[in-house]
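Accompanying notes for the structure given below.
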Amino acid sequence: MIQRHSPARIEEMRAVGAFVGSVLSALESAAKPGVSLVELDALAHDMIRQAGATSCYIDYHPSFGGSPFGKVLCTSVNDAALHGLPYDYDLQSGDLLSLDFAVNLGGWVADSAVSLIVGTPATAEDQRLIDVCEEALEAGIAAAVAGNRLGDISHAIGAVAKAHGFEVNTDFGGHGVGRTMHENPSIPNDGMPGQGPKLQPGMVFAIEPWLMHTTSEIFTDTDGWTLRSIDGSRAAHVEHTVVVTKDGPLVLTAR
Ligand code: MG
């Protein structure tokens, strides 16, 4: 079953969405050459404490994780695609960094991710990878319309990726979000249009395309968490928390 929330509850969710967006904006500004991944995590942790929020990541220990995550931020650098566990690494100019962040504030969760290039781009292809992810996210959001089917979101994302020549991994994708970080349904980043549950006002989804330059296969780093491309090619990942409303999609985590 997919939870539906009243307009009053959606109004309550705006605070956590705005907070998650503001933290990612601050982290984007802070992600300069010489700054370490642990420092970015500490900055996010400070902002969580000041806001009275609760991290969704720090105690998170699903079956695919090697141990409780222990940090409040995912920092995926270069060939790391998802779930990057922050470690003592100083960012270098040209790194492709993806930041994924989710917290609970006031009883509601929002989840969002951004990709950026630190300093000067190493290649134009890295920016193109980010741009295609963002275009796929926009397409997925545009399909989050009452009366559509869940598969329309998946198809919209996958169609953009494939039109630009990228392979899509459907093992990890979007999800429902609300009182907790991961709720029904799961939203693969490719699928059949017109299939799946009908979208209705009050449903809240984390929509999150991610792509790698030359593969769709990943492996888990020895840290037990970080998912890396099998061929070493770089990855990008973007995400917003989006509400289906009677007036169209509402992005809660806009920056
Ligand atoms: Mg996320």
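The values are calculated or read from the model by the stated rules, or taken from the named source; none is laboratory data. These figures come from a predicted structure and were not determined experimentally. Neighbour counts are summed over all protein chains in view; Cβ atoms, including those assigned to glycine, are modelled from backbone coordinates with ideal geometry. Surface areas here come from the heavy atoms of the whole protein model, side chains and all, with no ligands, DNA or RNA. Shrake-Rupley method; radii C 1.70, N 1.55, O 1.52, S 1.80 Å.
Computing FRET efficiency as 1/(1 + (r/R0)^6) for Glu11 and Asp131, where r is the C-beta to C-beta distance and R0 is 35 Å, gives about 0.60.
Rounded to the nearest 0.05, what FRET efficiency is calculated for Lys162 and Thr123 with R0 set to 22 Å and r the Cβ-Cβ distance? Between Lys162 and Thr123 the formula returns 0.50.
Kindly list the residues of region 69-111 that lie in the label zone of Arg179, defined by a backbone N under 16 Å from the point 7 Å along the Cα-to-C-beta vector. 104-110, by backbone N distance to the label point. Only one residue of Thr226, Thr180, Thr214 has its Cα farthest out toward the positive end of the dipole of region 170-255, where Lys and Arg carry +1 and Asp and Glu -1 on Cβ, and that residue is Thr180. Annotation note: trypsin sites (Lys or Arg not before Pro) in region 131-199 located in DSSP loop regions with a Cβ neighbour count of at most 13 within 10 Å are Arg179.
Based on alpha-carbon atoms, the Kirkwood radius and the radius of gyration of region 7-251 give Rg/Rh equal to 0.95. To put it simply, the accessible area of region 7-251 at a 1.4 Å probe is 51 percent carbon and sulfur.
For the chain, complete DSSP H runs whose alpha carbons reach 15 Å or more along their own long axis and whose mean Kyte-Doolittle score is 0.5 or higher are 7-30, 150-163. Simple point charges give the picture: +1 on the Cβ of Lys and Arg, -1 on the Cβ of Asp and Glu, and for the chain a dipole about the Cα centre of about 900 debye. If the segment from Ala146 to Ser22 were pulled out straight at 0.36 nm per residue, it would be longer than the present Cα-Cα gap by 41.8 nm. Looking at the square roots a ≥ b ≥ c of the eigenvalues of the Cα gyration tensor of region 100-210, which shape do they give, rounded for a/c under 1.5, prolate if a/b is larger than b/c, or oblate? In terms of gyration-tensor shape, oblate. Packing around the peptides 226-233, 69-76, taken as the average count of other Cβ atoms within 10 Å per residue, puts them in this order, highest first: 69-76, 226-233. 3J(HN,Hα) couplings calculated from phi for region 74-82 with the Karplus curve 6.51 cos²θ - 1.76 cosθ + 1.60 (θ = phi - 60°) are, in sequence order, 8, 10, 10, 10, 6, 6, 7, 9, 9 Hz; Gly and Pro show x. Taken per residue, the accessible surface of the chain reaches 41 Å², heavy atoms only and a 1.4 Å probe.
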